[in-house]
1. Between the helical axis of 301-314 and the dominant principal axis of the chain, each derived from Cα atoms, what acute angle in degrees is found, rounded to the nearest 10?
2. At q = 0.15, 0.21 Å⁻¹, work out log10 I(q)/I(0) for region 132-177 with the Debye formula, treating every Cα as an identical point scatterer and leaving solvent out; two decimals please.
3. Distances longer than 20 Å among the Cα atoms of region 74-160: what percent of all pairs is that?
4. Tell me, Glu214, Glu106, Glu178 in order of fewest to most beta-carbon neighbours within 10 Å?
5. Angle, helix 269-281 long axis vs. longest principal axis of the chain, Cα atoms, 0 to 90°, nearest 10?
6. How many times 2.2 N^0.38 Å is the alpha carbon radius of gyration of region 56-203?
7. What is the Cα radius of gyration of region 212-273 over 2.2 N^0.38 Å, N being its residue count?
8. Bins of 5 Å, beginning at zero and ending with the bin holding the largest distance: percent of Cα pairs per bin for region 326-428, please.
Amino acid sequence: MTQVSDLLAALGVPASASQGGRMQLRSPIDGAPTGAIQPASEADMLAAIGRAKQAFEIWRDVPAPRRGELIRQFGDLLRQHKTELAQLVAIEAGKVSSEGLGEVQEMIDICDFAVGLSRQLHGLTIASERPGHRMMEQWLPLGVVGIISAFNFPVAVWAWNASLAIVCGNACIWKPSEKTPLTALATQALFEQALQGFEGAPAHLSQLLNGGAELGRALALDPRVALLSATGSTRMGRAVGPLVAARFGRCLLELGGNNAIIVAPSADLELAVRGILFGAYGTAGQRCTTTRRVIIHESIHDELLARLDRIRASLSIGNPLDPATLVGPLIDRAAFDAMQTALVNASEQGGSVSGGERALAQRYPEAWYAVPALVRMPAQTVVVKTETFAPILYALKYRHLDEAIALHNDVPQGLSSAIFTNDLREAERFMSASGSDCGIANVNIGTSGAEIGGAFGGEKETGGGRESGSDAWRNYMRRSTNTVNYSGALPLAQGVKFL
Ligand code: UN1
């Protein structure tokens with residue numbers, strides 16, 4: 001695909017990095033070859049960890065605002081190359097153009113956040129019980145940070161992690177999804193451009209290793225990796241989490257979601273319809289924040305579903321590079337097959353399915369487009385409790401808010417959630433201790449499309465990690481508690497006497 005080689009060249013990736021390797025790559029848009037990269041080996045990973053450790057030992061002593069300056073320069077390069085990188089995201093991950101641009105914008109936003117943070121890495125001072133003593137808490141660089149990222153946000157989620165990790169004084173190693181190595185190569189090339197000639201920054205501050213699950217496993221097993229931040233399926237989290245825990249390493253997991261929207265009788269239905277449709281069918285249902293369930297009050301259930309279904313059937317499905325397209329392809333055939341299996345299961349479990357069939361098969365025989373599906377379910381059955389990474393929205397009915405919240409929380413995942421209501425008491429209840437059990441609980445906006453300023457992540461099988469904004473930076477640092485005695489005596493705490 002010449003377009004891909006042009007984009008890669010514009011982003012600074014040498015042709016040799018994306019051609020002639022053993023891993024054949026294809027675009028989900030049409031199945032056309034996009035390149036062939038050479039995967040790294042486990043031995044390569046071990047060597048990379050060694051280099052990262054050396055880079056960390058230099059970088060940790062560079063003042064944090066200076067570290068922020070590197071990220072500022074990287075953010076500038078992202079701004080300059082936003083269009084090319086966004087197009088590459090569209091070609092490799094199948095995102096529609098505006099979402100590809102949004103993904104790069106999310107990288108720029110987190111860089112800005114990290115730059116500000118680089119002057120705000122603050123601890124506490126704490127009152128000491130002893131005279132002439134000061135107690136304080138410092139946050140210090142942690143070490144080597146491993147980052148495993150997923151195909152659906154091939155570059156933004158890496159940027160959440162890497163920009164914070166780097167201003168916090170760490171060195172990073174990136175193992176991207178096997179489905180999106182080219183966007184990773186391009187991002188790495190931009191980062192290296194920022195690094196080149198940046199005084200005081202060591203080589204190998206951020207390394208990229210493309211390849212399979214064995215590379216993630218090597219990161220999980222190696223005690224030189226202080227933190228492993230992994231985004232992807234719950235299955236992946238189950239594979240790496242225990243390995244890191246067994247060596248008492250730190251893990252930051254951002255795994256599957258099964259996000260729901262409750263629509264209450266007082267809801268503004270115009271807003272609800274838009275929020276639900278973007279949440280369920282945007283990114284072809286392939287976000288961890290995708291709306292997978294809608295729980296509708298019985299008084300508006302039929303009316304709302306009729307509206308949703310009408311628009312669902314008319315959403316433009318097609319080539320994501322065409323600006324008119326709203327729903328692009330699924331990432332691959334396995335994703336399409338998983339969607340079909342879920343729909344068969346849903347029917348067997350009493351659901352009534354609209355849509356879900358293959359689309360554009362004639363035009364793109366080697367690609368996997370699907371009509372978004374809406375499934376009316378009589379109950380929250382097994383299939384509804386399972387995350388299927390595809391545009392399927394299950395609809396359930398409720399009578400009382402308690403029942404809606406119980407249904408809402410009765411799934412193994414706990415990432416994002418929302419309620420559409422104009423009733424203040426319902427909104428507050430939803431966000432309260434006995435409301436949504438998710439990491440993200442919204443009112444009158446959908447479940448997906450979070451801004452970077454808030455902490456991002458969720459509970460239960462979502463893994464418990466928090467990335468991106470708020471105080472998520474603390475994941476990338478170690479806490480040191482310091483007590484300083486500036487008196488001429490040595491009183492012991494708790495009134496203990498000795499010598
Ligand atoms: C993901 O799908 O892994 O909130 C991340 C959102 C995006 C990030 C999604 N800002 O939908």
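1. For helix 301-314, the angle is close to 90 degrees.
2. Listed by q, the Debye log ratios stand at -0.45, -0.69.
3. Details: 1934 of 3741 pairs.
I get 52 percent for the Cα pairs in region 74-160 exceeding 20 Å.
4. Numbers: Glu214 13, Glu106 21, Glu178 16.
Taking fewest neighbouring Cβ atoms as first place, the list is Glu214, Glu178, Glu106.
5. Roughly 70 degrees between the two axes.
6. Working: Rg = 17.5 Å, N = 148, 2.2 N^0.38 = 14.7 Å.
This ratio for region 56-203 stands at 1.19.
7. On the way: Rg = 18.1 Å, N = 62, 2.2 N^0.38 = 10.6 Å.
Taking the Cα Rg and dividing by 2.2 N^0.38 Å, one obtains 1.72.
8. Calculated P(r), rounded to whole percents: 2, 11, 20, 19, 17, 13, 8, 5, 2, 1, 0.
Any read-out appearing in this document is the output of simple, stated calculations on the displayed coordinates, not a laboratory observation. Please read all numbers here as calculations on a predicted model, not as lab measurements. Every residue, glycine as well, gets a Cβ built from its backbone with ideal geometry; the counts of neighbours run over all protein chains shown.
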